[in-house]
């Protein structure tokens, strides 16, 4: 079995060492233009040239959960595209989202500003039952986030493309139930895959449905959010703030209004990072399952976009 590795902006050697150790019988190499055809590919943001040359691939294994950039390319029609379905990311995402929700609910930003000014302050605690959190996207990551928020006794709702069932979480589904879901939320967490249907889903008419003083946390993709609409709703006072980990242009350009906005917290797309050892083990297991003709978790449906 021949495996080729083509991951943009990724240090290749540790991945190659790990894959070779896990698959000693396989030939594992870093892709170079003109290489002989491989059986499987491990990729992240590969160029179109890669797939133009590697036309015989049986499996394409993406080292992340998001496949929107990959699906923009012309892929070998016979190849099965497989994404990571956790690989250590869900617990990181749960940590990040819970931190952002608690930081906002407990007004820690305001307390920090007061302490920097030498002011000893008091704020009336918010009623947790009035602080409902909605999770958009109930895949592996979204479900883990919802369960983590429940531990802190926040009322949690969920919304997804198709109906899901989570204990203790009212679940909404489809476009027809989106307005009702949004109106029930004070905090909105976006964990949706990026598809033509979800692009720009965080815009004025949807964000305006959040309860007054609403708060947005986007840890999915920057293209979900219409940035100008968020700024307008913050200026008008309908939204209280936002925590953003993803942006339409990354790195976030110098001079972008998000950098200095007092109601926006930004992080450099680090809410959940791929854990290499766990990812390699998962990829190797999926390669073995695919070779045996078994159904592989994380297989991408190109028509759905995830």
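The values are calculated or read from the model by the stated rules, or taken from the named source; none is laboratory data. Remember, it's a predicted structure, so these values are computed and weren't measured experimentally. Positions of Cβ are backbone-derived with ideal geometry, glycine not excepted, and every protein chain shown enters the neighbour counts.
Taking into account only those residues within the range 274-301 that are farther than 28 Å from residue 98 by Cβ and in contact with a strand residue (DSSP E or B) (Cβ under 7 Å, 6 or more places away or on another chain), which is surrounded by the fewest Cβ atoms within 10 Å (Cβ to Cβ)?
Here the answer is 299.
Specify which of the listed residues (252, 202, 207, 216) is free of Cβ contacts under 8 Å to residues at least 24 places away in the same chain, in contact with a strand residue (DSSP E or B) (Cβ under 7 Å, 6 or more places away or on another chain) and buried (at least 17 other Cβ atoms within 10 Å of the Cβ).
252
Filtering the range 278-299 down to residues that are over 18 Å from residue 43 (Cβ atoms) and part of a helix (DSSP H, G or I), which residue is farthest from the chain's Cα centre (by Cα)?
Step by step, filter the range 278-299, then rank; the result is 291.
Output yes when any residue across the range 197-208 is within 20 Å of the chain's Cα centre (by Cα), under 18 Å from residue 131 (Cβ atoms) and at pLDDT 95 or above, and no when none is.
Yes, that holds for at least one residue.
So which residues in the range 178-199 are in contact with a strand residue (DSSP E or B) (Cβ under 8 Å, 6 or more places away or on another chain) and touching a residue at least 40 places away in the same chain (Cβ under 8 Å), if there are any at all?
181, 182, 184, 185, 186, 187, 188, 189, 190, 191, 192
Quick check on my filter: what residues within the range 132-154 are part of a loop (DSSP other than H, G, I, E, B), without any contact (Cβ under 8 Å) to a residue 60 or more places away in the chain and touching a strand residue (DSSP E or B) at 6+ places or on another chain (Cβ under 7 Å)?
Residues satisfying the conditions are 138, 154.
Kindly indicate whether residue 260 is part of a loop (DSSP other than H, G, I, E, B), in contact with a helix residue (DSSP H, G or I) (Cβ under 9 Å, 6 or more places away or on another chain) and either surrounded by fewer than 17 Cβ atoms within 10 Å (Cβ to Cβ) or in the same structural domain as residue 105 (by TED's automatic domain parsing) (or both).
no
Would you confirm whether or not the range 255-273 contains a residue that is farther than 30 Å from residue 233 by Cβ and touching a strand residue (DSSP E or B) at 6+ places or on another chain (Cβ under 6 Å)?
No, the range 255-273 contains no residue that is farther than 30 Å from residue 233 by Cβ and touching a strand residue (DSSP E or B) at 6+ places or on another chain (Cβ under 6 Å).
Taking residue 245, is it farther than 26 Å from residue 11 by Cβ and assigned by TED's automatic domain parsing to the domain that holds residue 187?
no
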